[in-house]
Amino acid sequence: MYKNRFIKCLAGIGLVSGTTIGAGTLALPTSTAIPGFFPTLLIFLCAWVFMTIGALLLLEVNQWFPGEKDLISMSYATLGKWGQAFAWVSYLLLLYGLISAYLAALGGWFVMVVPDLLGLQMHKPIWFGFDQALTVIALGGALLLYCGMSVIDRVNRYFMLVLVACYAILIWMVAPHVKPAQLLTQSNLLAAQAILPLVLTTFGFAIIIPSLNAYFKRDVPLLKQIILWGSLVPLFVYIVWEYCIL
């Protein structure tokens, strides 16, 4: 029982971390160069506390309702029609922006990397372009969603293993060249305020709380551990990333 629960906890942590660690990681070094490492570290800690508490509060609200409830239905039950409409618009804009950014980045990567892997770089078919790559990726994502949360969980575990391996290799290669004294050369606390919106989005895992609650059968103690540790992993990843890159 303990072993099974431990594996479930790891799976949940992987889902939270996999949702959190994304394309924003690439934008962090350029955006945080002016504030510097230590002001950025302070912003990271504030964002982590704020977003983790928000996720725990969302979990509490989700427990108020029987059955499976998503953010939209909870907004209607607690805030009425106008609250539901605001949640709909906010939710759609957030997810539309995220999906567009990921599709654009994955599409470009797909067009550049896949032909090399298949040996088609010199004789790339005319039908192999950016639009076709977007179609393939979108259909693959739609198929995963259709298969359900359990399939997404299993696929996410493999992607997380690849992510951890690539991250570890990169840090292992970069860390010997880090000069800690360089971190003291730039410190601008006022400029750090400008990166707060970006840092908040890099901890944007709360949108999957209703799905996690249903998937783990409303096991609140387990979900609290998943939220806490699942948000601490990205915080550690971001801090080490910033330390090495800056």
Exercise. If residue 100 passes every condition in (1) within 23 Å of the chain's Cα centre (by Cα); (2) surrounded by 15 or more Cβ atoms within 10 Å (Cβ to Cβ) but one, which one does it miss?
Worked result: (2)
Exercise. Out of curiosity, is residue 211 among the hydroxyl-bearing types (Ser, Thr, Tyr), within 30 Å of residue 65 (Cα to Cα) and either modelled with pLDDT of 85 or more or not in a helix (DSSP H, G or I) (or both)?
Worked result: yes
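Return yes or no: is residue 74 closer than 29 Å to residue 155 by Cα and within 16 Å of the chain's Cα centre (by Cα)? Lay out the reasoning, then the answer.
Working: closer than 29 Å to residue 155 by Cα: yes; within 16 Å of the chain's Cα centre (by Cα): no.
In short, no.
A quick yes/no check of all residues on (1) touching a residue at least 40 places away in the same chain (Cβ under 8 Å); (2) open to solvent by 100 Å² or more (accessible area, probe 1.4 Å); (3) of a type in the set (Val, Ile, Thr):
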residue	(1), (2), (3)
145	no, yes, no
162	no, no, yes
165	no, no, no
168	no, no, no
171	yes, no, yes
179	no, yes, no
Exercise. What are the residues in region 176-223 that are of a type in the set (Gly, Ala, Ser) and over 25 Å from residue 28 (Cα atoms), if any?
Worked result: 211, 214
Exercise. Considering region 191-242 alone, what residues qualify as being touching a residue at least 12 places away in the same chain (Cβ under 8 Å), of a type in the set (Phe, Trp, Tyr) and surrounded by fewer than 17 Cβ atoms within 10 Å (Cβ to Cβ)?
Worked result: 229
Seminar exercise, completed: Cβ pairs under 9 Å, 6+ apart or interchain, first in region 17-40 and under 22 Å from residue 156 (Cβ atoms) and without any contact (Cβ under 8 Å) to a residue 40 or more places away in the chain, second open to solvent by 20 Å² or more (accessible area, probe 1.4 Å) and assigned to a helix (DSSP H, G or I), ordered by first then second residue, are 26/105
For this session: Please identify the pairs in which a residue from region 70-99 that is more than 19 Å from residue 22 (Cβ to Cβ) has its Cβ atom under 6 Å from the Cβ atom of a residue that is loosely packed, with under 11 Cβ neighbours inside 10 Å, counting only partners at least 6 apart or on another chain.
Result: none
Problem set entry | Selection count, region 152-179, where residues are polar (S, T, N, Q) and over 15 Å from the mean Cα position of the chain (by Cα) | 0
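Yes or no, residue by residue, for (1) at positive phi; (2) touching a Lys or Arg at 6+ places or on another chain (Cβ under 7 Å); (3) at pLDDT 85 or above; (4) charged (D, E, K, R):
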{"residue": "168", "(1), (2), (3), (4)": "no, no, yes, no"}
{"residue": "178", "(1), (2), (3), (4)": "no, no, yes, no"}
{"residue": "203", "(1), (2), (3), (4)": "no, no, yes, no"}
{"residue": "216", "(1), (2), (3), (4)": "no, yes, yes, no"}
{"residue": "224", "(1), (2), (3), (4)": "no, no, yes, yes"}
{"residue": "227", "(1), (2), (3), (4)": "no, no, yes, no"}
{"residue": "231", "(1), (2), (3), (4)": "no, no, yes, no"}
{"residue": "241", "(1), (2), (3), (4)": "no, no, yes, no"}
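The values are calculated or read from the model by the stated rules, or taken from the named source; none is laboratory data. Bear in mind the structure is a predicted one, so any value in this text is a computation, not a measurement. Note that each Cβ is placed from the backbone with ideal geometry, even for glycine, and that neighbours are counted across all protein chains shown. The area values use the complete protein model at the heavy-atom level, side chains included, leaving out ligands, DNA and RNA. Shrake-Rupley method; radii C 1.70, N 1.55, O 1.52, S 1.80 Å.
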